[in-house]
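Here is the structure we will look at, set down as structure tokens.
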Amino acid sequence: MQFRKIDPRSYDWEAAAWWQKTAIVRAHPVPAGTQITTRMANGLVETQNVSKAEITMLVTNPAGEQYLVAVEKFKKRYDARGSFYAPKAAPVKSIPLYEDVRFTAPWGEEMRIACGGVLVRAGEHDIYGIQGPEFEGAYQCLPTSPGLGSEVARKDARALLAQGLVPSRS
């Protein structure tokens with residue numbers, strides 16, 4: 001596979017749709033220096049990361065992919081539900097990809113997203129990718145118009161989450 005190098009900041013994020021994570025995840029703290037390779041079910045190595053903080057959360061999505069999240073960011077995005085974690089209302093913008101791409105992720109490592117995956121913008125300096133099947137199984141599109149702000153999207157996200165969450169497949 002040839003992955004074309006891109007700059008994810010160059011995309012039209014104002015026109016991007018709003019999405020909300022709805023999948024319940026597993027997570028546990030790991031010490032600094034823990035290395036994670038995010039590998040998809042099809043064998044594609046998406047990215048690698050090493051925990052830099054004293055304690056970082058290792059998150060496992062329903063499809064099994066694992067990634068690291070700083071503790072403070074994790075607390076803003078998830079609530080504990082027994083041994084699982086449910087997403088809080090934290091809408092993101094998403095742009096579909098029609099080719100295989102690679103770029104530098106916010107943690108400084110290369111990220112590879114196959115055609116059919118998406119770019120996700122969770123903040124101005126927080127743009128990453130998610131493979132297509134994993135995104136479809138973990139996120140739902142919000143009815144919020146792309147041009148409306150994050151507060152309107154957050155209200156729609158709260159309403160969506162109030163309807164119930166996607167159960168973990170793991």
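The values are calculated or read from the model by the stated rules, or taken from the named source; none is laboratory data. Treat the numbers as computed from the prediction; the structure is a model and nothing was measured. All Cβ positions, even for glycine, are placed from backbone atoms using ideal geometry, and neighbour counts span all protein chains on display. Only protein heavy atoms, including side chains, enter the accessible area calculation; ligands, DNA and RNA are left aside. Shrake-Rupley method; radii C 1.70, N 1.55, O 1.52, S 1.80 Å.
Using C-alpha pairs below 8 Å separated by at least 6 residues, the relative contact order for the range 8-150 is 28 percent.
Here the range 69-113 and the range 138-165 have alpha carbon centers that stand 16 Å from each other. The fraction of accessible area contributed by carbon and sulfur in the chain is 53 percent, rounded to a whole number (1.4 Å probe; ligands and nucleic acids excluded). Residue separation of Glu136 and Thr34 scaled by 0.36 nm, minus their Cα-Cα distance, works out to 33.9 nm of gained length. Annotation: extensible slack from Asn42 through Lys88 equals 13.7 nm (criterion: 0.36 nm per residue apart, minus Cα-Cα distance). Taking 0.36 nm per residue of separation and subtracting the current Cα-Cα distance, fully stretching the chain between Ser150 and Trp13 would add 48.1 nm. For the pair Ala53 and Glu124, a Förster radius of 22 Å applied to the C-beta separation gives a FRET efficiency near 0.55, rounded to the nearest 0.05.
The residue among Gly147, Thr60, Gln35 whose Cα reaches farthest toward the positive pole of the charge dipole of the chain, with charges on the beta-carbon of Lys, Arg, Asp and Glu, is Thr60.
When the helices in the chain are scored as -39500 (n - 2.57) per DSSP H run of 4 or longer and the sum is shared across all residues, what 222 nm value do you end up with, to the nearest 500 deg cm²/dmol?
Values: 3 runs with 27 residues, N = 170.
Here the helix-only value at 222 nm equals -4500 deg cm²/dmol.
Based on Cα contacts under 8 Å between residues 6+ apart, the range 99-170 shows a relative contact order of 19 percent. Per residue, the chain exposes 53 Å² of solvent-accessible protein surface, assessed with a 1.4 angstrom probe and all protein chains in place. Non-local lysine pairs in the chain, meaning eight or more places apart or on different chains, with alpha-carbon distances under 27 Å, amount to 26. A viscosity of 1.002 mPa s and a temperature of 20 °C, combined with the Kirkwood radius over C-alpha pairs in the Stokes-Einstein formula, give the range 46-114 a diffusion coefficient of 153 µm²/s.
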